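See below for the structure under consideration.
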Amino acid sequence: MEILRVGEEREPVVVIDGASGDPAALVEIAARARFTDAARAGSGYPGLLGPAPVGYLDAMVRFVLPLIAAHFGTGPVVPARARGNFSLVTTPADALSPDQRVPHVDTADRLQFATVHFLSPDNADGTGFFRHRATGFETIDAERLPAYHAALDRERADPPPPGYRIESDARFERIGAVAARCDRLVLYRAALLHSGLIAHLPDAAADPRRGRLTGNLFLQCRASA
């Protein structure tokens, strides 16, 4: 396990290798799942989402709860809500919407956490973390959200060029990155600006056995009584 501290805010990013011990079994489960276009589920994810087994998601929750308490300054926490899925990036770079071309947060809540569990044996496209240059924000909470949205609205008048955000540009500075490695799990605060570092799409991007397959968990926590 490695603990990264990214950016000026020194936000923790926890990286665990060999997280499940059997990623091939999870790939086979995903290969039998029914994936749907993320947009149909109201998600901005650039690809497909599939159901993940409850036992897998429960195991991830149990695994990360003590890591959150130990490394994110929360003290002991318990789960308030959890959801998760398998994910496949399938949207070509030139087909991304303007919002998909820039880093994002999953929620402006400092007690929600996200995991990315890399399951592909042959894909190194990882996850990057960013600072918004105009505001200086690296995390977006409820207090910062109005100023951040106002800045984004001004920037939308001149949309970013097509493509996944991989490196720094005039609007966002990359402050950290974790390369994908099979059975590597990355845990971070969902309010930390991040983006998939998608350098290329596999030829069979929609095939769980050959595409960029990840398991994802979104965990809302509350302080333990």
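What follows is calculated from the coordinates using simple rules that are stated; it is not laboratory data. As the structure is a prediction and not an experimental result, all values here were calculated from the model. Here the Cβ positions follow ideal geometry from the backbone for every residue, glycine too, while neighbour counts run over all protein chains shown.
With just the Cα atoms defining each centre, how far is the range 71-107 from the range 136-200? Give it in Å.
If you average the Cα positions of each part, the centres end up 11 Å apart.
Please sort 64-76, 181-193 by packing, taking for each peptide the average over its residues of neighbouring beta carbons within 10 angstrom, highest first. Display every interim value, and only then the final one.
On the way: 64-76: 16.1, 181-193: 22.8.
Most protected by this proxy first, the peptides run 181-193, 64-76.
Lys and Arg at +1, Asp and Glu at -1: add these up for the other residues within a Cβ distance under 15 Å of Asp158 and post the number. Write out the running numbers ahead of the final one.
On the way: positive: Arg101, Arg133, Arg154, Arg156, Arg171; negative: Asp99, Asp153, Glu155, Asp169.
Within the 15 Å Cβ shell, the charges total +1.
Name the GluC sites (Glu not before Pro) in the range 1-86 that are in a loop by DSSP and that have at most 15 other C-beta atoms within 10 Å, would you?
Values: sites: Glu2, Glu8, Glu9, Glu28; in loops: Glu8, Glu9.
Counting only loop positions with at most 15 other Cβ atoms within 10 Å, the GluC sites (Glu not before Pro) in the range 1-86 are Glu8, Glu9.
Can you show me the helix-derived [θ] at 222 nm for the chain, built from DSSP H runs with n ≥ 4 at -39,500 (n - 2.57) apiece and divided by the number of residues, rounded to the nearest 500. Each step should come with its number before you reach the end.
Working: 3 runs with 38 residues, N = 225.
After summing the helix terms and dividing by the residues of the chain, the value is -5500 deg cm²/dmol.
Dipole size in debye (nearest 20) for the chain around its Cα centre, Lys and Arg Cβ +1, Asp and Glu Cβ -1?
400 debye
Can you order the peptides 138-149, 114-125 by their average number of other Cβ atoms within 10 Å per residue, highest first? Spell out each step's value before the answer.
Working: 138-149: 15.7, 114-125: 20.9.
The peptides rank, most packed first, as 114-125, 138-149.
With Rg and the Kirkwood Rh both taken from Cα atoms, where does Rg over Rh land for the chain? Before the final figure, lay out the partial values.
On the way: Rg = 16.8 Å, Rh = 17.8 Å.
Dividing the radius of gyration by the Kirkwood radius yields 0.94.
Filter the trypsin sites (Lys or Arg not before Pro) in the range 17-63 to those in DSSP coil with at most 14 other Cβ atoms within 10 Å of their Cβ, and list the result. Mind dumping the intermediate values first?
On the way: sites: Arg32, Arg34, Arg40, Arg62; in loops: Arg32, Arg34.
When the trypsin sites (Lys or Arg not before Pro) of the range 17-63 are filtered for loop state and at most 14 Cβ neighbours within 10 Å, Arg32, Arg34 remain.
What nm value, rounded to one decimal, do you get for the distance between Asp169 and Arg40 when each label is placed 7 Å out toward the C-beta?
3.0 nm
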